[in-house]
């Protein structure tokens with residue numbers, strides 16, 4: 001029994017741990033692309049974590065960083081972008097569509113992190129509605145979405161702009177009646193308040209990363225808008241419960257079995273990111289996480305199957 | 001200029017080294033399956049190496065081992081096969097279709113070798129005609145096939161049965177007019193004589209593995225029908241040239257730059273298998289190979305791009 005049907009797609013237990021494709025399957029396919037999402041679904045992964053940012057013309061698009069990473073972006077001439085990295089919020093959707101995000105520059109630190117990722121050409125940043133249209137197809141009725149709203153640090157005090165981000169996303173989800181399979185997810189806990197205000201029918205998922213963890217190449221976590229962990233007087237799960245959340249999504253290095261137990265006792269689900277090494281995947285299974293967000297879904301599948309576990313109801 | 005247009009899809013030089021998907025992309029997707037071939041093409045790989053065996057009812061199917069590996073085969077009840085591994089040649093195509101080859105048993109040595117491979121369900125051994133139909137579609141006009149004929153050691157003295165293997169394969173290729181994009185390929189050099197006799201319009205590719213190399217888990221190389229390398233009085237490339245071949249496909253551990261140069265001087269192309277580790281991929285590029293057969297096409301793409309090289313004409 002749950003008040004939110006969405007959570008069934010993210011709840012572990014009974015031999016199930018949810019496998020959540022990170023930006024599709026970033027270890028294998030270009031991240032946050034329809035090509036990557038199609039691959040991820042094709043291999044039997046039905047839960048998707050991905051990132052939404054608004055363009056200058058207010059179109060929600062699926063991309064991770066506020067500024068387009070040169071290492072993942074080719075200009076129309078086929079060459080890697082160089083120089084200052086533009087903000088997505090400063091470009092129109094049409095301008096974004098001139099860029100190719102189908103491959104990584106292998107000379108970059110980021111490209112070296114994902115040196116098995118397929119290199120494709122002619123791949124575009126998708127709109128949120130492209131993925132939602134995929135999820136709305138009858139044959140994809142088992143897809144569940146962990147939709148991350150990226151919080152732009154440059155507008156963190158602009159209440160109306162922040163509300164507009166949430167409104168744009170919620171409108172697209174509702175238009176396709178996907179609320180029953182969508183969880184709203186952010187590092188910006190205040191933005192999740194706004195999500196609950198505008199869309200009380202969707203549960204909220206609280207991303208966390210404790211201070212002191214080293215940022216990995218190619219991520220822009222340093223600019224994250226988030227709570228002041230040092231100032232918290234309760235545990236992170238308790239703080240999420242107090243805030244009104246239903247799910248905790250901690251960085252995997254911050255996870256302990258005790259914290260997972262505490263979260264469960266509070267009625268929260270726990271999905272942890274981004275778990276890529278086999279030993280870390282095993283540790284997260286041992287810790288009792290409900291879900292594992294990974295760039296390497298095949299690797300997680302093997303770890304689960306080797307324990308007689310599965311990521312889908314019925315093990316199908 | 002070449003007498004065989006097929007070879008253009010396998011010729012390196014001028015910044016090109018051909019990336020040849022091994023059984024699709026075995027490191028990522030279930031091997032020798034339509035699901036794997038579709039993925040491989042989708043990521044821009046246009047050359048395919050795969051294996052053909054005849055069923056009891058003489059249907060050419062795409063699978064590697066003569067005996068179905070338990071570690072890669074699930075029964076209709078969903079459990080891994082156990083006990084004696086049946087020969088494909090003893091099963092009808094309909095019987096084969098009851099088996100699921102969409103995933104590896106992670107507890108097995110073979111499953112541990114490919115622990116990132118996606119685990120899928122409901123995946124069947126394809127017929128040769130299924131892949132040929134894919135290649136014949138207008139949108140796949142750039143697909144090139146390196147079609148390995150597996151030589152059954154149990155019938156190695158049965159001339160008529162061996163001729164039937166070749167005839168079945170050639171008939172399917174000709175039916176779809178795919179001869180101009182198909183190279184016939186085997187460890188069994190005598191069988192390649194038969195290929196040339198029956199299908200002189202297709203070039204022949206000579207697989208080789210020198211004695212002393214250790215067999216990797218899950219392969220049945222020990223049962224290979226092949227030439228007696230110890231008895232050869234000339235180099236392997238010279239022996240292939242003398243036999244009438246156009247391509248040499250050596251095990252990567254047997255490759256040296258001098259042998260590649262010798263093969264090129266003899267007018268042979270050189271594609272090497274199965275090259276999976278980054279250092280080995282780099283060594284094969286350095287050695288001047290025309291083609292690299294790999295289970296990890298994304299990894300080879302990165303290695304080539306990092307040198308400003310590509311695997312497709314025009315770098316598209």
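Convert 37 °C to kelvin, take the viscosity as 0.692 mPa s, use the Kirkwood radius over C-alpha pairs of chain A as Rh, and evaluate the Stokes-Einstein diffusion coefficient in µm²/s, rounded to a whole number. Result for D is 168 µm²/s. Neighbour counts of other Cβ atoms within 10 Å put A:16, A:125 in the fewest-to-most order A:16, A:125.
Segment B:217-289 and segment A:221-265 have Cα centres lying 56 Å from one another.
Pairs of Cα atoms nearer than 8 Å and 6+ residues apart set the relative contact order; for segment B:120-180 it is 43 percent. Largest GNM mean-square fluctuation among B:161, B:289, B:263, using chain B with Cα springs under 10 Å: B:161.
Relative contact order for segment B:175-316: what percent, with Cα pairs under 8 Å and sequence separation of 6 or more? Computed value for segment B:175-316: 17 percent relative contact order. Length gained on full extension, residue A:77 to residue A:38: 11.4 nm, using 0.36 nm per residue less the C-alpha separation. Computed over segment A:73-112, the convex hull of the alpha-carbon atoms projects to a mean area of 3.1 nm².
Estimated at 0.36 nm per residue, the fully extended path between residue A:228 and residue A:216 surpasses their Cα-Cα distance by 2.2 nm.
Entry note, chain A: relative contact order of 21 percent, from Cα contacts under 8 Å with a spacing of 6+ residues.
The smallest convex shape that holds all Cα atoms of segment B:175-253, its convex hull, gives 119 Å³ per residue. Between residue B:141 and residue B:92, the contour length at 0.36 nm per residue exceeds the alpha carbon distance by 14.5 nm. Backbone N atoms of segment A:55-97 closer than 15 Å to the 7 Å Cα→Cβ label point of residue A:109 belong to residues A:69-72.
Volume of the convex hull of segment A:243-293 (Cα atoms only), normalised per residue: 64 Å³. What separates the residue A:224 label point from its copies, with the point 7 Å along Cα to Cβ, is 5.1 nm, written shortest first.
Taken over the alpha carbons of segment B:42-124 as equal point scatterers, the Debye sum produces base-10 log I(q)/I(0) values at 0.11, 0.16, 0.17, 0.27 Å⁻¹ of -0.31, -0.66, -0.74, -1.39. Calculate the translational D of segment B:1-89 in whole µm² s⁻¹ from Stokes-Einstein, where the hydrodynamic radius comes from the Kirkwood formula applied to all Cα pairs, the temperature is 4 °C and the viscosity 1.567 mPa s. Value of D from the Cα-based Kirkwood radius: 85 µm²/s. Residue exposure proxy: B:177, A:302, B:140, B:64, ordered by other Cβ atoms within 10 angstrom of their Cβ from fewest to most, comes out as B:177, B:140, B:64, A:302.
Percent of C-alpha pairs per 5 Å bin in segment A:133-181, short distances first: 4, 18, 25, 19, 13, 11, 7, 3, 0.
Across segment B:268-316, how large is the tail of the calculated P(r) beyond 18 Å, expressed as a percent of all Cα pairs? For segment B:268-316, the share of Cα pairs beyond 18 Å comes to 19 percent. Roughly how many Å is it from the Cα centre of segment A:69-148 to that of segment B:62-108, as a whole number? When both Cα centres are located, 38 Å separates them. Shown for residue A:210: label points 7 Å from Cα along the beta-carbon vector, and their distances to the equivalent points in the other copies, 5.6 nm in ascending order.
Could you check which residue among A:80, A:189, A:273 shows the biggest mean-square fluctuation in a GNM of chain A with a 10 Å Cα cutoff? The residue with the greatest mean-square fluctuation here is A:80. In nanometers and ordered shortest first, the copy-to-copy spacing of the residue B:5 label point, defined 7 Å from Cα toward Cβ, is 5.6.
By the count of neighbouring beta-carbon atoms within 10 Å, fewest first, A:39, A:187 end up ordered A:187, A:39. Solvent-free Debye calculation, one equal scatterer per alpha-carbon of the protein assembly as shown: log10 I(q)/I(0) at 0.09 Å⁻¹ equals -0.76. Considering all different alpha carbon pairs of segment A:113-263, the Kirkwood hydrodynamic radius works out to 17.2 Å. Under a Gaussian network description of chain B, with springs only between Cα atoms under 10 Å, the residue in B:276, B:65, B:213 that fluctuates furthest is B:213.
Each value in this text was obtained by applying a stated rule to the coordinates, not by laboratory testing. Small disclaimer: the values here were computed from a predicted structure and weren't measured. Methodologically, a virtual Cβ is constructed for each residue, glycine included, from the backbone with ideal geometry; neighbour enumeration extends over all protein chains shown.
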